[in-house]
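Structure, as structure tokens:
The values are calculated or read from the model by the stated rules, or taken from the named source; none is laboratory data. Here the structure is a predicted model, which is why all the values come from computation and not from measurement. Here the Cβ positions follow ideal geometry from the backbone for every residue, glycine too, while neighbour counts run over all protein chains shown.
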Amino acid sequence: MLKPITLALVDDQQLVRQGIASLLAISDRVKVLWQAENGQQALNKLETQSVDLVLSDIRMPELDGIGMLKQIRRTGNNTPVIMLTTFDDNELLMASITHGANGFLLKDVSLDKLISAITKVANGGYLIEPDVLQQVTSNHQQLNIDSLSSIAVTSRESEILTLMAGGFSNKEIADSIFLAQGTVKNHVSNILLKLESRDRTQAVLKALQLGLI
């Protein structure tokens, strides 16, 4: 039997946390290791109890999901983070992408879809529900995906796109894959050109929608 994926649940509503934990307890693929009621409490627990993945609400008192995510990434911790969201969280979703979230799920997600998402992201994937992605892109800016349907990126560009989606800076990407920072900058410029994107966030959104990462 495969070792279960260890999970941290972060949400200020106790009933939500308990409900998710109870549902996941049915599966032998995921194990909830600990729970926290805000981002600061989660950061404190992460210092002593690492997990394979963090499942967090975006809006919380004291320290919200984005503040928690920023601090996690600032310390060089690459633990995958999935954000739980609702349709009125578009600006927060964009900020989450910028700061390195690995996935987004609606709070009314089914158990099967939740477990599938946790498994995918814990194994290095990225995931945004199609309904969430459509809502975010339509509110942020109109993305012309049809004109990019035949886009092709190299394996190196795909690797760099994945790190961009993880919130890595050019320097951090360079250090991670042993390239010169100038080389990474050139790759990022090529990616933005190929994806007809003004900035890194737009490029990541398009890459997700096209299934490039």
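A few remarks follow.
- Cβ-Cβ distances below 8 Å connect the following pairs, each with a first residue in segment 175-197 that is on the phi > 0 side of the Ramachandran plot, a second residue that is exposed (fewer than 15 other Cβ atoms within 10 Å of the Cβ) and part of a helix (DSSP H, G or I), and a separation of six or more residues or different chains: GLU196/SER147.
- Test: residue in segment 50-60 that is among the acidic types (Asp, Glu), in a strand (DSSP E or B) and under 17 Å from MET83 (Cα atoms): yes
- Just one of the listed residues (THR75, THR79) is within 15 Å of the chain's Cα centre (by Cα) and closer than 30 Å to ASP199 by Cβ, namely THR79.
- Within segment 81-94, being surrounded by fewer than 21 Cβ atoms within 10 Å (Cβ to Cβ) and assigned to a loop (DSSP other than H, G, I, E, B) holds for THR86, PHE87, ASP88.
- Any hit, segment 97-106, residues being hydroxyl-bearing (Ser, Thr, Tyr) and either out of contact with any helix residue (DSSP H, G or I) (no Cβ under 8 Å at 6 or more places or on another chain) or farther than 19 Å from ILE160 by Cα (or both): no
- Qualifying residue in segment 58-78 (condition: among the charged types (D, E, K, R) and at positive phi): yes
Residue-wise test of (1) in a helix (DSSP H, G or I); (2) surrounded by fewer than 17 Cβ atoms within 10 Å (Cβ to Cβ).
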site	(1), (2)
LYS70	yes, no
THR79	no, yes
SER96	yes, no
GLY100	no, no
LEU105	no, no
ASP112	yes, yes
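- The condition (being at pLDDT 85 or above and not assigned by TED's automatic domain parsing to the domain that holds SER176) is satisfied by just one residue among LEU92, LEU127, LEU84: LEU84.
- Verdict on SER147 being surrounded by fewer than 14 Cβ atoms within 10 Å (Cβ to Cβ), modelled with pLDDT under 90, assigned to a helix (DSSP H, G or I) and small (Gly, Ala, Ser): yes
- Residues within segment 162-183 that are of a type in the set (Ser, Thr, Tyr), closer than 24 Å to ILE128 by Cα and in a helix (DSSP H, G or I), tallied: 1
- Here VAL188 fulfils each of the conditions (1) assigned to a helix (DSSP H, G or I); (2) surrounded by 15 or more Cβ atoms within 10 Å (Cβ to Cβ); (3) modelled with pLDDT under 90 apart from (3).
- Hey, ILE66 under 27 Å from GLY211 (Cα atoms), modelled with pLDDT of 90 or more and in a helix (DSSP H, G or I) or not: yes
- Of the residues making up segment 47-68, those that are buried (at least 17 other Cβ atoms within 10 Å of the Cβ), of a type outside the set (D, E, K, R) and closer than 18 Å to ILE118 by Cα number 7.
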